[in-house]
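Working notes for the structure below.
Only the coordinates and a few stated rules stand behind these numbers; no lab work does. Treat the numbers as computed from the prediction; the structure is a model and nothing was measured. Heads up, the Cβs are rebuilt from the backbone with ideal geometry, glycines too, and the neighbour counts pull from every protein chain shown.
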Amino acid sequence: MERLASPKQNAEYAVVRLLISVLGALPRRLARAIGAALGDLSFLLLPRLRAAGRTNLALAFPEWPQAQRDRVLRDSVRNLGRQLAEFCRMSRYTRASIAAIARGEGEPHFLAAQARGQGTLVLTGHVGAWELSSFYHSLLGHPMALVIRRLDNPRVDALVNHIRGLHGNAVIHKDDFARGLLSAMRRNQTVGILMDTNMTPPQGVFVPFFGVAACTASGLARVALKTGATVLPGFMVWEDSEQKYVLRFGAPLELARSGDDAADIVANTALFTRVIEETIRRYPEQWLWVHRRWKTRPAGEPGIY
């Protein structure tokens, strides 16, 4: 039986609906400016997130001066605000209108993966416009499934997933990760996986991320080895020179297949993490630095945060 929403959840839902309605109705330039301002406000009002971001940037780029790390962190939270504005506007985008703000690159890699017939796993992360990425791809006629953590508020969760799925995208919740992913690969579907968040064992294994051990989801590697699915890097980033988002699909990744499953899972998870790191190094101001990525530590190591 479905649980009734609490008064607090109903209030949260009303605020989200209002935000989507207001930002969605504004001219895009103004909506993005307001989103960036909201990012600045959160930077000022949420010291815990600010501290996490500074710690992360010091770990990742110890050679940078503090002023450069602070600039990237501020740009990162502004990028989050702009993504909020884009999400609020997504239901208004059409295949024709979105061409003014986004383009694709590397589509032959995606089409070749589909033609193989064993499913496609899109390796991605919280870089650039990850929500707009899958939505844009669905507008082009290539819907995919997304591996998503349920939001704490079920009404907001349903609303957000409704917008994500307007053009055929589906959601696989993390609590049904393995079964949903295996089923999608059997049907030669495409699934996007954000693989740059902190995990805990046994779902995660420790691999280097910016030279520091990070507990990282191993499910993508397990499913790819089991099913033979193609693993494609796919990131949608903002290109200042074009004033557009570009969704880039890279060449399929060559997986380690030594026959030692445990070693191959770690090796491939490390490979996937290197690919994400390379993209972050190219676009550091577009990554989610406020996430406590290195929270889980190997046994015996002190906490970072």
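Computed quantities for the displayed model
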item	result
Relative contact order of the chain, pairs being alpha-carbon contacts under 8 Å that are 6 or more residues apart, as %	24
Extension gain, Arg149 back to Asn188 (0.36 nm per residue minus Cα-Cα distance, nm)	11.8 nm
Protection proxy ranking of 78-91, 36-49, 137-150 - average other beta-carbon atoms within 10 Å, highest first	78-91, 137-150, 36-49
Three-way shape label, the range 198-302, alpha-carbon gyration tensor, a/c 1.5	oblate
Reach of Lys295 by Cα under 28 Å, taken over lysines that are not fewer than 8 positions away in the same chain	Lys174
Euclidean distance between Cα centres, the range 1-52 to the range 203-240, Å	29
Whole-Hz ³J(HN,Hα) from phi, Karplus 6.51 cos²θ - 1.76 cosθ + 1.60, for the range 201-208, glycine and proline x	x, x, 5, x, 10, 8, 9, x
Positive-end residue, the chain charge dipole about Cα centroid, Cβ charges, pick of Ala14, Pro65, Val160	Ala14
Pairwise FRET efficiency - Asp261 versus Val15, Cβ, R0 = 45 Å, nearest 0.05	0.45
Using a Förster distance of 25 Å, the FRET efficiency for Ala5-Arg29 (Cβ separation, nearest 0.05)	0.10
Set of aspartates and glutamates near Lys226 by C-alpha distance (under 14 Å), chain-local residues within fewer than 8 positions excluded	Asp260, Asp261, Asp264
From phi via Karplus (6.51, -1.76, 1.60), per-residue ³J(HN,Hα) for the range 111-118 in Hz, x at Gly/Pro	5, 5, 5, 4, 5, 5, x, 10
